[in-house]
Amino acid sequence: MVIGISSNYRRIRIEIGYGLENILSDSETKQTIDNDFIPLFKQGEYYGGTLNGLPALIRKLYENSR
């Protein structure tokens, strides 16, 4: 998994890659970005948004792999 964040361009992208594509769907990834990363990013809190979003992704990976 690769996460790219650019505050200057106001973009975030998560690439799942082989092996995880069966565990985490694109819609789940988009939902995590919209609900966990973006709200704090909009406030200029890029560190906080990242700190909020990463555990959410890890939680989804764990839940879906069971």
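The values are calculated or read from the model by the stated rules, or taken from the named source; none is laboratory data. Everything quoted here is computed from the prediction, not taken from an experiment. Heads up, the Cβs are rebuilt from the backbone with ideal geometry, glycines too, and the neighbour counts pull from every protein chain shown.
Return yes or no: is Asp34 modelled with pLDDT of 95 or more, exposed (fewer than 14 other Cβ atoms within 10 Å of the Cβ) and either under 13 Å from Met1 (Cβ atoms) or within 14 Å of the chain's Cα centre (by Cα) (or both)?
yes
With respect to the numbered conditions (1) in contact with a Leu (Cβ under 7 Å, 6 or more places away or on another chain); (2) exposed (fewer than 11 other Cβ atoms within 10 Å of the Cβ); (3) not basic (Lys, Arg), which one is the sole condition not fulfilled by Asn52?
Condition not satisfied by Asn52: (2).
For segment 8-31, which residues satisfy the criterion of being loosely packed, with under 11 Cβ neighbours inside 10 Å and polar (S, T, N, Q)?
Residues satisfying the conditions are Asn8, Asn22, Ser27.
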